[in-house]
1. In nm, what is the difference between 0.36 nm times the number of residues separating D5 and D179 and their Cα-Cα distance?
2. Of the peptides 99-108, 205-214, 161-170, how do they stack up when ordered by the mean number of other Cβ atoms within 10 Å, highest first?
3. On full extension of the chain, what length is gained from R16 through R159, given 0.36 nm per residue of separation minus the C-alpha to C-alpha distance?
4. Applying 1/(1 + (r/R0)^6) with R0 = 25 Å to the Cβ-Cβ distance of A106 and A142, what FRET efficiency is obtained, to the nearest 0.05?
5. Just to confirm, what accessible area per residue do you get for the chain at 1.4 Å probe, in whole Å²?
6. How far, in nm, would the chain grow between A93 and E223 when pulled straight, counting 0.36 nm per residue and subtracting the alpha carbon separation?
7. Over the Cα atoms of the chain, what radius of gyration and what Dmax do you get, in Å?
8. What per residue convex hull volume, in Å³, comes out for segment 203-253 when only alpha-carbon positions are used?
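The values are calculated or read from the model by the stated rules, or taken from the named source; none is laboratory data. The shown structure was predicted, so the numbers you read here are calculated from the model rather than taken from an experiment. Here the Cβ positions follow ideal geometry from the backbone for every residue, glycine too, while neighbour counts run over all protein chains shown. The accessibility values were calculated without ligands, DNA or RNA, using every heavy atom of the protein model including side chains. Shrake-Rupley method; radii C 1.70, N 1.55, O 1.52, S 1.80 Å.
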Amino acid sequence: MFAPDELTDDGFLGGRLRVLQPRRGYRAATDPVLLAAAVPAELGQSVLELGCGVGVASLCLAARVPGLRLAGLELQPAYAALARENAARNGVALEVVEGDLARMPAPLRASFDHVIANPPYYPAGGGTGAADPGRERAMREATPLGLWIGAGIRRLAPRGILSLIFGADRLPDALAALDARMGSTVVLPLQPRAGREAKRVILQSRKGGKGTFRLLPPFVLHEGDRHDGDRESFTPPAAQILRGGGVFPFRLI
C-alpha cells in the first residue's frame, strides 16, 4: 500500500472531485475524464469499470449522474485500496473488487447496463518500460485488448453499452474484437490539436444494436498549433468536459 507521503491530492472536474494518486506510478490525467463524458448512463443504471485504477472515471461519472450502481475491477491491490478511499472521500458508493478480468471474480459475474474501460496504452513488448512497476502494469498490455473487450461484452446486459478509450493505433484490434453480439458502433477520434493525427479514440458499441458503424468528426482537445508555456489551451468544448463535467454530444442508436 502507499504511504501518505507517496500520494498527491489532485482535483478533477474543476475541483469538484479530490483524488489521491501515487506520486510515482500510474497517474490518471484526461483519459478517464473523457471516457466518463462519453457514457450515456442514467439514474438507477449499473456500471462496471474494468481496470478502474484509483477510480477517476467512475467518480467523474458519479459526479454527473446521480443514483448509479457502480462497481470497479482492479488488478493491483494498492490502487484498489486508493479507489475505495477516493470513493469514500467524495461520497460515492463504488464497490471495488480486486482481481483479473481474464478470471472475473464471482461478485462481478453479473449483468451491467454499462461497461467502461481505459485499457493499457502500450502493447506487450513495445516501447521502453516504465521504471515504476505499478505504472508499467497499468500502461503496458499483459492481457490482450481482445480479452478486455470480450470480458466487457460478457458482462453487458441486453442493449447494454460498452465504452472504451485507447490509442488510435489499436482501433483495428478493437473493431476486430467486437463480435456479432455488438452493433451500432461509434468511433470518436480525439485530436490533440486541429490538423494533427488523432492519438486516442473513444469507441462505443451496444449489445444487440442494429445501427450502422459511424466514424464521427474529430474532437479537438487543444487550441493553437503548439503548446504555449503554462497557459491552459483546452478548446471550449474540451474545457467544458474536463473542467465543467460536460458530455460529448453523440449518442448511440
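1. Gain in length upon complete extension: 58.1 nm.
2. Going from most to least packed, we get 161-170, 205-214, 99-108.
3. 48.3 nm
4. 0.70
5. 45 Å²
6. Going from the current span to full extension adds 43.2 nm.
7. Just the Cα atoms of the chain yield Rg and Dmax of 17.2, 51 Å.
8. Enclosed volume per residue, from the Cα hull, is 101 Å³.
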